[in-house]
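This report refers to the structure that appears directly beneath it.
The values are calculated or read from the model by the stated rules, or taken from the named source; none is laboratory data. Bear in mind the structure is a predicted one, so any value in this text is a computation, not a measurement. Note that we place each Cβ from the backbone using ideal geometry, even for glycine, and neighbour counts take in every protein chain shown. Heavy atoms of the whole protein, side chains included, go into the accessibility calculation; ligands, DNA and RNA do not. Shrake-Rupley method; radii C 1.70, N 1.55, O 1.52, S 1.80 Å.
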Amino acid sequence: MTAENAATTGLHPVDEKLPVWRLGAYGLQHVLAFYSAAVIVPILVAGALHLPRETLIHLIDADLFTCGIASLLQAVGFGPVGVRLPLLQGVTFTAVGPMIAIGSAVGGGTPGLLSIYGSVIVAGFVTLLMARHFAGLVRFFPPVVTGSIILIIGLALLPVAANDIVSGASPSVMQDHVPLRSIWYGLGTLASILVIQRLFRGFIATIAVLIGLVLGTLVAWVLGDANFGEVSSAPLLSITHPFYFGMPTFHPVSILSMVIVMTISMIETIGNVYATGEIVDKPITSEDIARTLRADGIATILGGVLNSFPYTCFAENVGLVRMTAVKSRWVVAAAAVIMMMLGCLPRLGALVAAVPLPVLGGAALAMFATVAVVGVQTLSRVDFNRQSNVIIVGTSIGLSMLATAQPHISDTFPMWAKIVFGSGITLGSLSAISLHLIFNVKRTIHEATHATDVPRESLIDERIREG
């Protein structure tokens, strides 16, 4: 939405309802940028629990369908649920390790899935109940904390894009032989996106990522590196229904593990909400955080019921909003509808899945780096003449990069600690919050004592002045 349109209609760009054809194009762009990250969790869990291919296909379909519902909850909202910002929902990567451990503890297979679903449902209810109380913690999130978390999210995701570009097995595995053709696909996709953004304006510039992904896929297809053969062999229709694999089972230790996962996921969600608020120029209040977390809680409950997993806001699409400057939340609503269609029409899903990983990686590289830039933009309001702020930012980024560059560091820790040390985003975010409390404890207590609903505009201004 242009500034002229905003001035004419009086609507905030977030609330503008675009023409249907634009919503479709922008929504598809979000889905393509999101797809590989959306389906990787079911693939990892199914492989670890030794599930058959038919079960994996159903998990992917259920995941995409529930992603759509979760994104509608967040972007469109109803009542006190949903932040009503252009935020796309996906399964949190933080849950992968604990879910595999939960499923393996009961022998894997379908019993493992049912144990996972039981813990996911309970953790979703806990998240829903904690939302209002957890939102009160935003008083401990001045720009030095939010900026650090946003920057950490962007930096920690870059290895994911790099792994896709080199056709790697996993971001945690250093690719020994890097195919030159994969690099050209990734860099070529990135170059095409940059050229389109440089040469064009208006609508074409805003779908640069979509065009880059299509061009990269077409080139790969011409050279024999993109295969659409699975499109015709995929089923025509797939409808997920509640408790498809049977009734969930509930184990106290598994539930506790998943509650810890969701607590950490809530911290990451807050970082993504602040990043989006910064991008769309909309101040974030404690009530916004509560609405966001309520949507996460309900979506996670639905995940357990509809044969999927825990849900959170995805940083991938935060970067896309920044790149395209398309701020309407109805674009995410359109993407949500497309995802629900993909979940019900496997042939459409197979078509999207045909986009080669190096092509996706080229686009992701730009989007993830853009998230990091938003973090830098937030940190520009911090007074780095205060030594405490230098320590908070520097140490948090350092610890985040430790876990990102050496992902196997978590292998030496017990399971409860692996949840923290297994993710650079988690470790860095917790560090930023903890160090702020340690170094700025007197000011934090003073703000907590004198603030009733934080952050307010006056308190935000005060924080900007103080760093």
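Annotations for the structure displayed:
- Of the whole protein surface, Tyr26 contributes about 10 Å² of accessible area at a 1.4 Å probe radius.
- Options Thr276, Gly349, Ala299, ranked by Cα towards positive dipole end of the chain, top entry (Cβ charges): Thr276
- Taking every protein chain into account, the 1.4 Å probe leaves Leu402 with about 70 Å² of accessible area, to the nearest ten.
- By average C-beta atoms within 10 angstrom, highest first, the peptides 282-289, 43-50: 282-289, 43-50
- Residues in the range 241-335 average 28 Å² of solvent-accessible surface per residue, probe 1.4 Å, ligands and nucleic acids excluded.
- Cα lying deepest toward the dipole's positive end in the range 284-423, options Thr370, Ala325, Ala290, charges on Cβ: Ala325
- Probing with 1.4 Å while keeping every protein chain in the model, the per residue accessible area of the range 124-216 equals 45 Å².
- Magnitude of the charge dipole, the chain, Cβ model with Lys/Arg +1 and Asp/Glu -1, debye to 20: 400 debye
- Whole-percent carbon and sulfur share, accessible surface of the chain, 1.4 Å: 69 percent
- Global geometry of the range 69-226, whether rounded, prolate or oblate, following the gyration tensor of its Cα atoms and the 1.5 cut on a/c: oblate
- The range 27-46 residues near the modelled Arg347 label - backbone nitrogen below 16 Å, point 7 Å along Cα→Cβ: none
- Taken as entire DSSP H runs, the helices of the chain that both span 18 Å or more between Cα atoms along their own long axis and average 0.5 or more on the Kyte-Doolittle scale are 20-48, 53-75, 109-135, 143-165, 180-199, 208-222, 252-280, 329-344, 357-379, 387-405, 424-439.
- Label-to-label distance for Thr395 and Leu129 is 3.4 nm, based on points extended 7 Å past Cα in the beta-carbon direction.
- By definition, a body whose alpha carbon gyration tensor gives a ≥ b ≥ c is rounded when a/c is under 1.5, and the chain falls into this rounded group.
- For the range 47-109, the solvent-accessible area of protein heavy atoms averages 30 Å² per residue (probe radius 1.4 Å; ligands and nucleic acids excluded).
- Gyration tensor (alpha-carbon) shape descriptor, the range 253-368, a/c threshold 1.5: oblate
- In the chain, a dipole from Cβ-located charges (positive for Lys and Arg, negative for Asp and Glu) runs towards its positive end, and of His12, Phe65, Gly224 it is His12 whose Cα lies farthest in that direction.
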